[in-house]
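All remarks here apply to the structure that follows.
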Amino acid sequence: MSSTAMKKKVLLMGKSGSGKTSMRSIIFANYIARDTRRLGATIDVEHSHVRFLGNLVLNLWDCGGQDTFMENYFTSQRDNIFRNVEVLIYVFDVESRELEKDMHYYQSCLEAILQNSPDAKVFCLVHKMDLVQEDQRDLIFNERQEDLRRLSRPLSCTCFRTSIWDETLYKAWSSIVYQLIPNVQQLETNLRNFAQIIEADEVLLFERATFLVISHYQCKEQRDAHRFEKISNIIKQFKLSCSKLAASFQSMEVRNSNFAAFIDVFTSNTYVMVIMSDPSIPSAATLINIRNARKHFEKLERVDGPKHSLHMRMR
């Protein structure tokens, strides 16, 4: 691994059976939801390094949730586990019959984080929400969120409802990874400039391997608030179908009477999606503009990338 890589330690914790390894496998190892049923329980700690946007490497610690392991994390392994943590992701099974024990372990994690990594960001995923009746989901999640925020003080926690069977998993992980990107504000400024220059309705930037949305800019209001995660899910499944046929996904154009959507390789670590509704702008012009912006965004991915903004001529 390159010595210039910026490593960020991410702790993935929660009781055994809460779904930690399944979600990690879907996001980072290209599993589909139904294939996670064959995954076994995590033994102790599984380490993985996920390269993200070139220089950023997520040092992911998937911590087994059996009682014996959990007790060890808070005693003999305490310093090793909780030192230098950037993000703690704690996963709760929404239907757990041991909620009191879950909360006890979560509070123990927070105490260790406060002692060893007080600046760490904390995320709680209320998982397996698909098992809850649809008309009860808002109520149950809001109650759990309120309890977790109260228990987390003086730390603040961000809560998400998740399921491996819909787009909520991508929404949560996109939000978490967004917090770790070192030059995200600069990236967003340049994405906005790019969208305005090419007169796009909306531009989305996806991380290439996971297809998580890492940045976006919209010029026109869109109706579907969950469109990013749905697109991530759909395109990733399509990419997996391509790979099973020994083909690689490169680009796609979808067009109807109202808009045109372009998905294309952008940099070595990203895909871009451009939405255009102006029928007077031909596809070829949009594709040329995407190509012309690639070199600039390649430089931005480096932590020490250029500090100037994107300027390019319309074709």
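Give me the percent relative contact order of the stretch 111-176, please, defined on Cα pairs under 8 angstrom at least 6 residues apart.
Computed over the stretch 111-176, the figure is 41 percent.
What is the stretch 174-309's relative contact order, in percent, from Cα pairs under 8 angstrom and six or more apart in sequence?
Relative contact order comes out at 26 percent.
Can you give the extra length, in nm with one decimal, that the chain gains between S268 and N142 once fully stretched, where that is 0.36 nm per residue apart less the Cα-Cα distance?
Difference between extended and current length: 41.4 nm.
Report the dimensions of the stretch 150-291 along its three principal axes from the alpha-carbon atoms, largest first, rounded to Å.
Its Cα atoms span 55, 38, 30 Å along the three principal axes.
Whenever you get a sec, compute what percent of the accessible area on the chain sits on carbon and sulfur atoms (1.4 Å probe).
Reported share for carbon and sulfur atoms: 47 percent.
Provide the three semi-axes, in whole Å and in decreasing order, of the ellipsoid equivalent to the stretch 131-226 as defined by the square roots of 5 times the Cα gyration tensor eigenvalues.
Taking √(5λ) for each eigenvalue gives 30, 18, 13 Å, largest first.
Once the Cα atoms of helix 283-300 and of the chain are each reduced to a long axis, what angle between those two axes, in degrees from 0 to 90 to the nearest 10, is obtained?
Relative to the chain, helix 283-300 is tipped by roughly 50 degrees.
Just to confirm, what accessible area per residue do you get for the chain at 1.4 Å probe, in whole Å²?
Heavy-atom accessible area per residue stands at 49 Å².
Excluding I231 itself, what net charge comes from residues whose Cβ is under 15 Å from its Cβ, given Lys and Arg +1 and Asp and Glu -1?
Numbers: positive: K171, R208, R223, R227, K230, K236, K239; negative: D166, E167, D201, E202, E207, D224, E229, E253, D264.
Cβ neighbours under 15 Å give a net charge of -2.
Can you tell me the relative contact order of the chain? Whole percent, Cα pairs under 8 Å, sequence separation 6 or more.
Numbers: 500 pairs, mean separation 47.6, N = 315.
After rounding, I find 15 percent.
Given charges of +1 on the Cβ of Lys and Arg and -1 on the Cβ of Asp and Glu, with all other atoms neutral, how large is the dipole of the chain about its Cα centre, in debye to the nearest 20?
Computed about the Cα centre, the dipole is about 1060 debye.
What number do you get for the chain when its Cα radius of gyration is normalised by 2.2 N^0.38 Å, N = residues? Spell out each step's value before the answer.
Working: Rg = 20.7 Å, N = 315, 2.2 N^0.38 = 19.6 Å.
In units of the 2.2 N^0.38 Å rule of thumb, it is 1.06.
The values are calculated or read from the model by the stated rules, or taken from the named source; none is laboratory data. Treat the numbers as computed from the prediction; the structure is a model and nothing was measured. Note: ideal-geometry Cβ built from the backbone for every residue, glycine included; neighbour counts use all protein chains shown. Accessible surface areas use protein heavy atoms only, side chains included; no ligands, DNA or RNA. Shrake-Rupley method; radii C 1.70, N 1.55, O 1.52, S 1.80 Å.
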